[in-house]
């Protein structure tokens, strides 16, 4: 036996954290982090799966699933007749992870994610990402949910979900084909707990540690997290008035394996990518044999012109994966999203989904399928589009009247927030701090960017507030500007 440390002392076994994750993933993350933190060295022998299952109080299959994932990513290696060991050749990001600035003893310091709002409390003025729940048809939803729970109790105990409830997949496919310009069959759809899980699934399935991926700069912060946690090098690509600057990406990282974009409504700035830029991006993906992940998180709420068809619908090379979520257009706790993938990579994605166990509850899937099939979904979207449009233009009018001396308003395409840019870029942090003291939630743009030197401004949410409250809050914001600027 090797003289290197043996991971079999119970006192040395990693503690399990992240109570929100499945047990196998908690075990996987605990061992992975222990290795990356330098607490266990290459060549160390791992406990037998039966012994570890007994220690953590779980089934042996759970341990095997975690071990298999660690082995597939190169952290573990199995030696026939000897057992499982920490790999002698660790993944490429091992050394990088231990050399990151701001770390001590190999522990990466991270900031906890910002909370959208406190549970049980109303959102603060200008809070982003909060749908108007008072106008959601709650009674209709609860009746459909109760119907499915009562009528098919055994289906709720079915673990063989494969890639989603068949009725829901059929309904989503029909909706995407007719309303979003997506070309797909239900067989190409994977149902997931949300957009973050979709990004994780794509990154883990199609990329390897050390690969590069283009991201919009600024972009949704979960995108950076998905790449960083899987050892992928994010390449921030700046935006212009047409969205992601493809020419910059070609110069910076022409062989990147993936580009993650929000072409129909860029998050957080709000611009849309025209057809010429979309074709330019598709040409790069085809020529470099790279992938594009198209995020279409809130394109339902476009307030001028017709909805922009998905880029996936014009992709002749089958290089685009299309993802969406129902959390913004229905309610956050629904935890249902979807991923549309080319047939060529479906098996790899399904295998990874089975490994991670990322499936929404079957009763919730069945309820959503009925909600969409019976027409409730589209009626709700039409009502909310009408209401949000009025709030959107009311907020813009109030900003132009009260705050035009201090800011300019960004692209006016739609969505659930308005982006504003400060004329005096030196006061962003001070304004945010003072607004917070007065109960106003301002989300600075730089939090979504690769550098604090990026555009200075804020995202102002309006979707769950009344028109009078928005006007009043805008006047309050004006007073803050007058005091500070």
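Just so it is clear, none of the values below were taken in a lab; they were calculated from the coordinates. Predicted model only: the values in this text are computed from it and were never measured. Glycine gets a Cβ as well: all are built from the backbone with ideal geometry, and neighbour counts include every protein chain shown.
Going from the fewest other Cβ atoms within 10 Å to the most, the residues 483, 408 appear in the order 483, 408.
Rounded to the nearest Å, what's the spacing between the alpha carbon centres of region 426-485 and region 247-263? Just the number, please. Cα centroid of region 426-485 versus Cα centroid of region 247-263: 31 Å apart. The structure-derived value of semi-axes √(5λ) of the Cα gyration tensor in Å appears in the list (i) 44, 25, 23; (ii) 39, 28, 24; (iii) 33, 28, 22 under the label (ii).
With an 8 Å Cα cut-off and a minimum separation of 6 or more residues, compute the relative contact order for region 136-377 in percent.
Computed over region 136-377, the figure is 27 percent.
By the count of other C-beta atoms within 10 Å, a proxy for reagent exposure, 68, 347 are ordered fewest to most as 347, 68.
Scattering from region 280-320 was approximated by placing one identical point on each alpha carbon and applying the Debye formula without solvent; log10 I(q)/I(0) at 0.19, 0.25 1/Å stands at -0.61, -0.84.
Can you classify region 158-221 as rounded, prolate or oblate using the Cα gyration tensor, where a ≥ b ≥ c are the square roots of its eigenvalues, rounded means a/c under 1.5, and otherwise it's prolate if a/b beats b/c and oblate if not? Oblate.
Below 8 Å between Cα atoms, with a sequence gap of 6+, how large is the relative contact order for the chain in percent?
Working: 804 pairs, mean separation 79.2, N = 485.
Over the chain, the number comes to 16 percent.
Centre-to-centre, using Cα atoms only, region 304-383 and region 212-244 are separated by 21 Å. Straightening the chain between residue 146 and residue 37 buys 34.5 nm, computed as 0.36 nm per residue apart minus the Cα-Cα spacing.
Mind giving me the FRET efficiency for residue 64 and residue 405? R0 is 45 Å, r the Cβ-Cβ distance, nearest 0.05 is fine.
Efficiency for this residue pair is about 0.10.
For region 381-484, dividing the convex hull volume of the Cα atoms by the residue count gives 98 Å³ per residue.
Only bridges whose two residues both fall in the chain count here: according to DSSP, what percent of them are antiparallel, nearest 5?
Details: 27 of 45 bridges.
Just about 60 percent of them are antiparallel.
Residues 433, 280, ranked from the fewest to the most other C-beta atoms within 10 Å, line up as 433, 280.
Compared with the dominant Cα axis of the chain, that is its longest principal axis, helix 60-72 is turned about 80°. Over region 381-484, Cα pairs under 8 Å with separation of 6+ residues give a relative contact order of 34 percent.
Shape verdict for region 136-377, please, from the Cα gyration tensor: rounded (a/c under 1.5), prolate (a/b greater than b/c) or oblate.
Working: a/c = 2.04, a/b = 1.55, b/c = 1.32.
The shape class here is prolate.
Does region 187-245 come out rounded, prolate or oblate by the C-alpha gyration tensor, with a ≥ b ≥ c the root eigenvalues, rounded set by a/c under 1.5 and, if not, prolate when a/b is larger than b/c and oblate if not? Here region 187-245 falls in the oblate category. Here the peptides 48-61, 265-278 are ranked by packing, the mean other Cβ count within 10 Å, and the order with the highest first is 265-278, 48-61.
So what is the calculated 222 nm ellipticity per residue for the chain, using -39500 (n - 2.57) for each DSSP H run with n of 4 or more, over all residues, to the nearest 500 deg cm²/dmol? Result for the chain: -12000 deg cm²/dmol, rounded to the nearest 500.
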